[in-house]
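Participant: I'd like to ask you about the structure that follows.
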Amino acid sequence: MRLDLRERGRVTVLQLEGRLVAGQGDDQLREAVKVLIESGRVRILVDLSGVSVIDSGGLGELVASAHRVEEAGGALRALHPRERVARVLDVARVLPMFQVYETEDQALASFEADA
């Protein structure tokens, strides 16, 4: 999996590309979120539009990352998961745990509304 970071104001966007699965993406997400929290960047938008597959390992890390960010006083939100990924999130009943947005502008506005 490829992971790119970019800043949009006070929000860090994590753009994920590829497979978010155990041993092939979950560890990258965990490390990226850890580094962001340690640097005080706890407003995180995870762009799932490039994620082709997610399994229980990737799903578990996404949930764990959201909890770690919340414990640090921040928020982790999701952006535009593909239909297949959204279905997995729905079946696993984790969608209610995340605020999910269709556009980046909507997601960024939601962070500003919380400020």
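The values are calculated or read from the model by the stated rules, or taken from the named source; none is laboratory data. Owing to the predicted nature of the structure, the values given are computational and were not obtained by experimental measurement. We place every Cβ from the backbone using ideal geometry, glycine too, and count neighbours over all the protein chains shown.
Participant: Any idea which of R30, R43, R10 is touching a residue at least 60 places away in the same chain (Cβ under 8 Å) and touching a helix residue (DSSP H, G or I) at 6+ places or on another chain (Cβ under 6 Å)?
Facilitator: R43
Participant: Which residues, taken from the range 37-49, are buried (at least 17 other Cβ atoms within 10 Å of the Cβ) and either under 12 Å from the mean Cα position of the chain (by Cα) or β-branched (V, I, T) (or both)?
Facilitator: Within the range 37-49, I37, V42, R43, I44, L45, V46, D47, L48 qualify.
Participant: Also, quick follow-up: Quick check on the range 58-71. Is at least one of its residues in contact with a Phe, Trp or Tyr (Cβ under 8 Å, 6 or more places away or on another chain), buried (at least 16 other Cβ atoms within 10 Å of the Cβ) and in a strand (DSSP E or B)?
Facilitator: no
Participant: Scan the range 70-79 and give yes if some residue there is free of Cβ contacts under 8 Å to residues at least 24 places away in the same chain and basic (K, R), otherwise no.
Facilitator: No, because not a single residue in the range 70-79 is free of Cβ contacts under 8 Å to residues at least 24 places away in the same chain and basic (K, R).
Participant: Moving to a separate point now. Would you mind telling me which numbered condition in (1) at pLDDT 95 or above; (2) surrounded by fewer than 21 Cβ atoms within 10 Å (Cβ to Cβ); (3) part of a helix (DSSP H, G or I) V13 fails?
Facilitator: Every listed condition holds for V13 apart from (3).
Participant: Return only the number of the condition from (1) on the phi > 0 side of the Ramachandran plot; (2) assigned to a helix (DSSP H, G or I) that K34 does not satisfy.
Facilitator: Looking at each condition in turn, K34 falls short on (1).
Participant: Residues that are among the acidic types (D, E) and under 15 Å from Q15 (Cα atoms): does the range 53-71 have at least one?
Facilitator: Among the residues of the range 53-71, not one is among the acidic types (D, E) and under 15 Å from Q15 (Cα atoms), which makes the answer no.
Participant: Among the candidates R87, R93, single out the residue that is without any contact (Cβ under 8 Å) to a residue 60 or more places away in the chain, out of contact with any strand residue (DSSP E or B) (no Cβ under 8 Å at 6 or more places or on another chain), assigned to a helix (DSSP H, G or I) and over 16 Å from E17 (Cα atoms).
Facilitator: Going through R87, R93 in turn, just one is without any contact (Cβ under 8 Å) to a residue 60 or more places away in the chain, out of contact with any strand residue (DSSP E or B) (no Cβ under 8 Å at 6 or more places or on another chain), assigned to a helix (DSSP H, G or I) and over 16 Å from E17 (Cα atoms): R87.
Participant: Another question, then. Which one of these does D47 not meet: (1) part of a helix (DSSP H, G or I); (2) among the acidic types (D, E); (3) within 18 Å of E7 (Cβ to Cβ)?
Facilitator: (1)
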